[in-house]
Amino acid sequence: MTYDVIVIGSGPGGYVAAIRASQLGFKTAIVERENLGGICLNWGCIPTKALLKSAQVLEYISHAQDYGVSVGDYKADFNAMIKRSRGVADKMSKGIQFLMKKNKIDVINGQAKLTKGKEVEVTGTDGKKSNYTGKHIILATGGRARELPNLPIDGKKVIGYREAMNMPSQPESMIIVGSGAIGVEFAYYYHSVGTKVTIVEFMPRIVPVEDEDVSRELARQYKKKGITIMTDSSVEKVDTKGSKVKATVKTAKGEEILEADVVLSAVGVSANIENIGLEDLGIKTEKGKVMVDGYYNTNVAGVYAIGDIVPGQALAHVAMKEAVICVEAFAQKEGKYGHVPEVLDYNNVPGCTYCSPEIASVGMTEAQAKEAGYEIKVGKFPFSASGKASAAGANEGFVKVVFDAKYGEWLGAHLIGANVTEIIAETVTARKLETTYHEQIDTIFPHPTMSEAVKDAIEVALGEAIHI
């Protein structure tokens, strides 16, 4: 079979690329070795949010009395939560199947490998090989849990995020190695259902990519909940021979042995670039990533790469936008699209972490702005001073904004609190439109809302605070 476009991988980058290509008139096929939707829909973004919602509901019930509601006996049904999460994932995957049919995209099941001559060899589950030719081939093979040499994942005592989402029974205790988004989200979920959780983080603070104030606040909230946090610490080795796993942890005070039912390795993601034919075609890679230009062209004409396998943030919404830019760029050259698409600004990508309290951020942290040489204005408004937050019983956290003092440019925003992942988009849009603090201070924010805390934080930055 010959196609205009063949997409390898059906995660957020892959399926979006396939749909956009079909919309622009390309005969399109997508190759998937597992389930449509990739890791995000099946084992990542979506099912984890389902689990976190279950934890949040449990938390609401446990504090029902605070809202004037009396609740009788209740308990966490771990297996039912897992079942609901898997049901949500399955529904979303079926939704992608529908979109493929709607857009007349051929779905090819199997393991894909690039071969010379613009061909893709697909090995089916039965071992049979088939060859397909494509004028444009888009690599969107995604990522997997990164494995540390001293922390091999066996799927039982030492697990990755996939196993953490589908455990046969609830562990009594868990050690989580790494405190990025995956680590702190699972820490919140498992602690909420009654598992004793310990976080081990190599860096001096948890969620180390976030602003220091955000890291400090999350650590304070987690310790208040009863989650143990060990920073400046590393798991040197694990012993899985007994009924429990023993982890030797190196700390500033020396070595300590921790014991738990299971260890969750949450130390990041590795790109899936092995065994897909990159070497055969001489496609350039560097530090485990495929090298591309601003329109996701590799060094081999007609072969493109997007998503977790290229440099940039390994986020679903980033992959989706890269997919659209990639397809529209080669479509424009062939007269199927009206203009050259704008390249992606990786400095204006929102990051969201769905623990409780939630974290959302975009742009420079306060420290990064100072390091870049900016004279800055910083404003911080606590949700404890927000009327809506008080009414909702969600006083934790704050909004922090960072502006360039000279021209008023919005350099960054860092939020921690209830539903802040739903608020950050306004900051991303404002920064895209090159707003200044003058324009934001003249914008009316609705009252009472959590979002008006953004306006309040800007007033603090300008020395015009009204509500604190």
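Using Cα pairs closer than 8 Å and at least 6 residues apart in sequence, work out the relative contact order for the chain, in percent.
Numbers: 981 pairs, mean separation 64.0, N = 468.
Contact order relative to length: 14 percent.
Remind me, relative contact order of the stretch 338-403 in percent, using alpha carbon pairs under 8 angstrom and six or more residues apart? Before the final figure, lay out each step's value.
On the way: 67 pairs, mean separation 16.5, N = 66.
About 25 percent, as a whole number.
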Candidate aspartates and glutamates for bridging to K116, where Cα separation is under 16 Å - those fewer than 8 sequence places away on the same chain excluded: E279, D280
Can you give me the relative contact order of the stretch 287-445 as a percent, contacts being Cα pairs under 8 Å and 6 or more apart? 17
Rounded to the nearest 5, what is the percent of antiparallel bridges among the DSSP beta bridges in the chain? 65
Counting only heavy atoms of protein chains, what accessible area per residue, in Å², does the stretch 306-355 have with a probe of 1.4 Å? 43
Zone reached by a paramagnetic label modelled 7 Å from E212 Cα along Cα→Cβ, restricted to the stretch 341-374 with backbone N below 14 Å, covers 365-372
Checked the chain with the C-alpha gyration tensor, a ≥ b ≥ c its square-rooted eigenvalues, rounded below a/c of 1.5, otherwise prolate if a/b is larger than b/c and oblate if not; verdict oblate
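Over 29 Å between Cα atoms: which of K53/K237; K113/K244; K94/K129 fall into that group?
Values: K53/K237 33 Å; K113/K244 40 Å; K94/K129 26 Å.
With Cα atoms farther than 29 Å apart: K53/K237; K113/K244.
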Can you list the trypsin sites (Lys or Arg not before Pro) in the stretch 402-444 that are in a DSSP coil and have 12 or fewer other beta carbons within 10 angstrom? K406
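Using a 1.4 angstrom probe on heavy atoms only, work out the carbon and sulfur share of the accessible area of the stretch 266-331 in %. Intermediate results must be reported in sequence, preceding the final value.
Details: 1380 of 2580 Å².
Taking all protein chains in place, the stretch 266-331 shows 53 percent carbon and sulfur surface.
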Cysteines of the chain lacking any other cysteine beta carbon under 4.7 Å? C326, C352, C355
Tell me the per residue accessible area of the stretch 1-88 using a 1.4 Å probe; a whole number in Å² is fine. 46
Give the aspartates and glutamates reachable from K49 as a straight Cα distance under 12 Å; neighbours fewer than 8 places away on the same chain don't count. E185, E358
Could you pull out the pairs from K83/K321; K380/K455; K118/K333; K128/K289; K156/K196 whose alpha carbons sit more than 22 Å apart here? K83/K321; K128/K289
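Summarise the accessible area of the stretch 382-468 (1.4 Å probe, protein heavy atoms) by the percent that is carbon and sulfur. If you can, show how the numbers build up before the last one.
Numbers: 2090 of 3910 Å².
Carbon-and-sulfur percentage of accessible area, whole number: 54.
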With runs of 4+ DSSP H residues as the only contributors, calculate the mean residue ellipticity of the chain at 222 nm using -39,500 (n - 2.57) per run, divided by the residue total and rounded to the nearest 500. -9500 deg cm²/dmol
What are the residues whose amide H is under 5 Å from the amide H of G25, where those residues sit 5 or more places off or on another chain and H is modelled from the backbone? none
Once the in-chain neighbours fewer than 8 apart are removed, the aspartates and glutamates whose Cα is under 16 Å from K241 read D154, E259, D261
Estimated distance in nm for a label pair at E256 and N103, the labels positioned 7 Å out from Cα along Cα-to-Cβ: 4.9
So which GluC sites (Glu not before Pro) in the stretch 405-468 end up in coil per DSSP with only 16 or fewer other C-beta atoms within 10 Å? E434, E464
Output the peptides 117-126, 81-90 sorted from most to least packed, where packing is the average of other Cβ atoms within 10 Å over each peptide's residues. 81-90, 117-126
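Find the accessible area per residue for the stretch 157-232; the probe is 1.4 Å, ligands and nucleic acids are left out, and the unit is Å². Working shown, then result.
Numbers: 2920 Å² over 76 residues.
Per residue, the stretch 157-232 has 38 Å² of solvent-accessible surface.
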Considering the zone a paramagnetic label at A372 would reach in this model (a point 7 Å from Cα along the Cα-to-Cβ line), which residues of the stretch 389-414 have amide N under 17 Å from it? 400-414
Amide H neighbours of H136 under 5 Å, at least 5 residues apart or on other chains, H built in the peptide plane: list them. V5, I6
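Whenever you get a sec, line up L433, L24, L218 from highest to lowest accessible area (probe 1.4 Å, protein heavy atoms).
Numbers: L433 130, L24 25, L218 0 Å².
The most accessible residue leads, giving L433, L24, L218.
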Can you tell me the FRET efficiency between E434 and H339 if r is taken as the Cβ-Cβ distance and R0 is 22 Å, rounded to the nearest 0.05? 0.60
The answer for A305, listing residues at least 5 apart or on another chain whose modeled amide H is closer than 5 Å to its amide H, is L139, T298
Of all GluC sites (Glu not before Pro) in the stretch 226-313, the ones in DSSP coil with at most 12 other Cβ atoms within 10 Å are E274
Per the 1.4 Å probe, what fraction of the accessible area of the stretch 1-145, in percent, lies on carbon and sulfur atoms? 52
So for the pair K53, K196, with labels modelled 7 Å out along Cα→Cβ, what separation do we get in nm? 3.3
Give a residue-ordered list of calculated ³J(HN,Hα) values for the stretch 348-358 (Karplus: 6.51 cos²θ - 1.76 cosθ + 1.60, θ = phi - 60°; whole Hz; x for Gly, Pro). 10, 9, x, x, 10, 10, 9, 7, 10, x, 5
Which ³J(HN,Hα) values in Hz, rounded to whole numbers, follow from the phi angles of the stretch 273-282 under the Karplus curve 6.51 cos²θ - 1.76 cosθ + 1.60, where θ = phi - 60° and Gly and Pro get x? 10, 7, 6, 10, x, 4, 5, 4, 9, x
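The values are calculated or read from the model by the stated rules, or taken from the named source; none is laboratory data. If you're wondering where the values come from, they're calculated on a predicted model, not measured in any experiment. Reconstructed Cβ throughout: ideal geometry from the backbone, glycine too, with neighbour counts over all protein chains shown. With ligands, DNA and RNA removed, areas are computed over all heavy atoms of the protein, side chains included. Shrake-Rupley method; radii C 1.70, N 1.55, O 1.52, S 1.80 Å.
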